[in-house]
Amino acid sequence: MNGFIAFMEKHFIPYAAKIGGQRHLVAVRDGFIATMPLMILGSFAVLINNLPIPGYLDFMNNIFGEGKWQNFGGNIWNGTFAILALLIAFTVAYNLAKSYDKDALSSGVISVATFFTIGAIAPDDKGIPGVGGLGSIGLFLALIVAILSTEIFTRLSGNPKLIIKMPDGVPPAVSRSFAALFPSMITVSIFALITALFQAFGITNLVNEFYKLIQEPFMGLANSWGVALLLAFISAFLWFFGLHGANIIDPFMQTINAPAITANQEALKAGKELPYIVNKPFFDSFVNMGGTGATIGLIIAIFIVARKHKAYMTVSKLSAAPGVFNINEPMMFGLPIVLNPIMFIPYILTPMVLVTIAYFATKLGLVPAATIITPWTMPPVIGGALATQSIAGGILAAVNLIIAVLIYLPFAKMAQIQELRREKGEAEA
């Protein structure tokens, strides 16, 4: 095991660290993080409008009138999920330009303008402008536009021949606007020309066509058990070597998360089967309980079998409160789990087992698919019930928590025995 760890540290971890720090992935991650409060708010608005309690809808309709009380939640949804792609077009471009130390505000504005240029509200066959592209349908294309438009704009902004310099004394905001004039015009014009070429070949709605050909098949592929297993493995594997695995795979998770949640919410409203099992609430509620690796299970296991080791108990007690809110850095670096050969197997195995149980429990209809984005700090069991709008979700989370404890138990006992032997040997020496 030590040889394996040394090999991975030498040949794999440096490349993984570079991927984790890649500026485009970081910009995507930070862009989604900026929208997270709105996404959580939008999810709770859907929950209010569709609370799965018998008689709830009839009760609310009798008090406030048929469907009128749902306008509040609908208005919140219009300001959150309905404009998600538009928000991402700005936030990703802003963060990417900031990483280049360029004009981030102008980059965000140009990205939004470019997104509309390619047809974010393109008219349908009847000539009526559709706003569906502003939401999750246009999310993938918004990401591409944000990255490409920012790359073009920042490079053009670095060309002194394209910069209009204003005299001293002109307000900085005015100077920035004129400095961005020609780069902005060129960037938007490039995308307008590309869109015109597609339109010349009969593709009048680029956003919808991209969704059908690229985004929808990709979401379907990512909705499989195999992909869920892979995501669980990668996150835990990277964390074992001290890299923040959740942050590294977060850009991928977010690109499938919002469209999947939106599709599930729309299916819920229409009374149809929920199409997507794998999304971020799925992992937050049923897999990463206590943090990546379901380390709340390890804390409980140590309380049960490792009470004779004072250091383990001290770390576990200090980690318990953060662990309830899915923060596991105290365990990762305090126990430690990072680069601890004894903990390698349970730390990698546990999330994969929990993914399998949760996936097939949802697939078989025992638990509804997640439709609500809850805060990732939501305590285990409660998060499962809220994300699925079902008591069954809370029960599944509780079952997974028990299984996590059972997997960690023998390894916690072995770790205690090894530490006691080591301490005894040091004392005798």
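The values are calculated or read from the model by the stated rules, or taken from the named source; none is laboratory data. Note that the structure is predicted; figures quoted are calculated from it, not measured. Glycine gets a Cβ as well: all are built from the backbone with ideal geometry, and neighbour counts include every protein chain shown. Please note that ligands, DNA and RNA were not included when accessible areas were found on the heavy atoms of the full protein model with its side chains. Shrake-Rupley method; radii C 1.70, N 1.55, O 1.52, S 1.80 Å.
Observations, loosely collected:
Yes/no per residue for (1) hydroxyl-bearing (Ser, Thr, Tyr); (2) under 30 Å from residue 341 (Cβ atoms):
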| residue | (1), (2) |
| --- | --- |
| 378 | no, no |
| 390 | yes, no |
| 399 | no, yes |
| 402 | no, yes |
| 416 | no, yes |
| 420 | no, yes |
| 424 | no, yes |
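- Restricting 240, 233, 218 to residues that are under 24 Å from residue 358 (Cβ atoms), in contact (Cβ under 8 Å) with a residue 12 or more places away in the chain and surrounded by 21 or more Cβ atoms within 10 Å (Cβ to Cβ) narrows the list to 240.
- Among all residues of the stretch 221-230, there is at least one that is under 25 Å from residue 256 (Cα atoms), loosely packed, with under 13 Cβ neighbours inside 10 Å and at pLDDT below 80.
- Filter pass, residue 247 being touching a Lys or Arg at 6+ places or on another chain (Cβ under 8 Å) and open to solvent by 20 Å² or more (accessible area, probe 1.4 Å): yes
- Residue pairs meeting the criteria (Cβ under 9 Å; at least 6 apart or on separate chains; first farther than 19 Å from residue 259 by Cα, in the stretch 32-59; second among the β-branched types (Val, Ile, Thr) and modelled with pLDDT under 75): 59/53
- Criterion violated by residue 202 - all others in (1) among the small types (Gly, Ala, Ser); (2) at positive phi; (3) at pLDDT below 80 satisfied: (3)
- For residue 196, the criteria (1) closer than 30 Å to residue 253 by Cβ; (2) open to solvent by less than 70 Å² (accessible area, probe 1.4 Å) hold in every case but one, which is (1).
- Identity of the residue in the stretch 112-158, at pLDDT 85 or above and over 15 Å from residue 89 (Cβ atoms), that ends up most open to solvent (accessible area, probe 1.4 Å): 155
- Helices (runs of 4 or more DSSP H) contained in the stretch 291-381 and holding at least 1 residues out of contact with any Phe, Trp or Tyr (no Cβ under 9 Å at 6 or more places or on another chain) and closer than 27 Å to residue 275 by Cα: 341-363
- Residue count for the stretch 189-215, restricted to those that are within 28 Å of residue 276 (Cβ to Cβ) and without any contact (Cβ under 8 Å) to a residue 40 or more places away in the chain: 4
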